[in-house]
Amino acid sequence: TEGSLPSLITSKGVDRALEHYNKALAIKPLGMDAHVGRVDLLIVGARYRDANVAFEEALRTFASRDLLDNWFKLLGRFRRAGATEEALSFLRVIEQHHPLDHRVISNIGAYLAIVGQNEEAFEYSTRAMAINPDNPINKWNLAKIHEQRDELVDADRLYQEALATIDENDVRARCEYASFLALRIKRGAAHALRRV
């Protein structure tokens with residue numbers, strides 16, 4: 001994939017480790033750690049299609065939404081590899097099993113925004129907010145999309161609502177909001193100058 005970083009482990013190394021995971025799963029088919037480890041290995045090895053096949057199998061084995069955090073943790077692997085489209089494919093696998101989980105819908109919306117599919121990102125982020133309107137991440141993601149659409153009043157309202165419930169020590173969120181305010185002031189000043 002364009003923009004993706006090469007795998008840091010060799011194909012033979014992936015094959016060898018995969019054999020061990022498959023043996024572990026043959027002995028203990030309900031071994032959650034082995035399922036997660038196998039999918040993680042395939043992602044790190046840049047075998048994204050194989051990862052999604054193994055992931056599909058794991059989601060059929062473990063249907064509970066309570067276990068989704070195990071899979072969300074793997075999204076960082078895609079980010080570090082620059083494999084955004086592959087992360088979207090991974091999230092679409094979860095969506096097939098958990099189409100009403102706001103975390104799944106919100107993550108898809110965020111990744112769609114990253115790849116520039118803004119209308120679909122807006123739809124997903126709006127759905128995530130409808131499912132769980134109190135979640136600060138859902139508010140934040142929708143605020144970012146409103147910002148991209150130059151709907152600054154809506155963006156500001158959602159940013160402020162999210163910040164009211166986000167940990168006050170979350171420096172990154174506060175810095176992002178300050179950048180948004182600076183941009184809004186700059187745009188407002190430019191707009192005022194055009195009217196003069």
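Listed by chain and number, the lysines whose alpha-carbon sits under 21 Å from that of Lys12, ignoring those within fewer than 8 places in the same chain, are Lys23. What is the spin-label model distance, in nm, from Ser179 to Met32 if the labels are put 7 Å beyond Cα along the C-beta direction? That separation, rounded to one decimal, is 3.5 nm.
Could you tell me what percent of the accessible area of the range 28-89 is made up of carbon and sulfur, with a 1.4 Å probe and every protein chain present?
Carbon and sulfur together cover 49 percent of it.
Per atom type, the range 90-165 shows carbon and sulfur on 53% of its accessible surface, probed at 1.4 Å. Rounded to the nearest 500, the helix-only mean residue ellipticity at 222 nm of the chain stands at -24500 deg cm²/dmol, with each DSSP H run of n ≥ 4 adding -39,500 (n - 2.57). Comparing the range 39-103 with the 2.2 N^0.38 Å rule of thumb, its C-alpha radius of gyration ratio is 1.02 (two decimals).
Average accessible surface for the chain: 58 Å² per residue, computed with a 1.4 Å probe over protein heavy atoms with every protein chain in place.
Of Trp71, Trp140, the order by accessible heavy-atom surface (1.4 Å probe, DNA, RNA and ligands excluded), from most exposed downward, is Trp140, Trp71. Partner aspartates and glutamates whose Cα lies under 18 Å from the Cα of Lys144, excluding those fewer than 8 positions away in the same chain, are identified as Glu119, Glu120, Glu123, Asp134, Asp154, Asp156, Glu161, Asp170, Glu176. For the range 80-190, the percent of C-alpha pairs falling in each 5 Å distance bin, counted from 0 to the bin holding the largest distance, reads 2, 13, 21, 22, 20, 14, 7, 2, 1, 0. Within straight-line reach of Lys28, meaning a Cα separation under 23 Å, sit the following lysines at least 8 residues removed in sequence or on another chain: Lys73.
Peptides 165-171, 89-95, 122-128 ordered by packing proxy, namely the average of other Cβ atoms within 10 Å per residue, highest first: 122-128, 89-95, 165-171. Once the chain from Ala164 to Thr10 is taken as fully extended at 0.36 nm per residue, the excess over their C-alpha distance is 50.8 nm.
The values are calculated or read from the model by the stated rules, or taken from the named source; none is laboratory data. Predicted, not measured: the structure shown is a model, and the values here were computed from it. Heads up, the Cβs are rebuilt from the backbone with ideal geometry, glycines too, and the neighbour counts pull from every protein chain shown. SASA here: full protein model, heavy atoms, side chains in, ligands and nucleic acids out. Shrake-Rupley method; radii C 1.70, N 1.55, O 1.52, S 1.80 Å.
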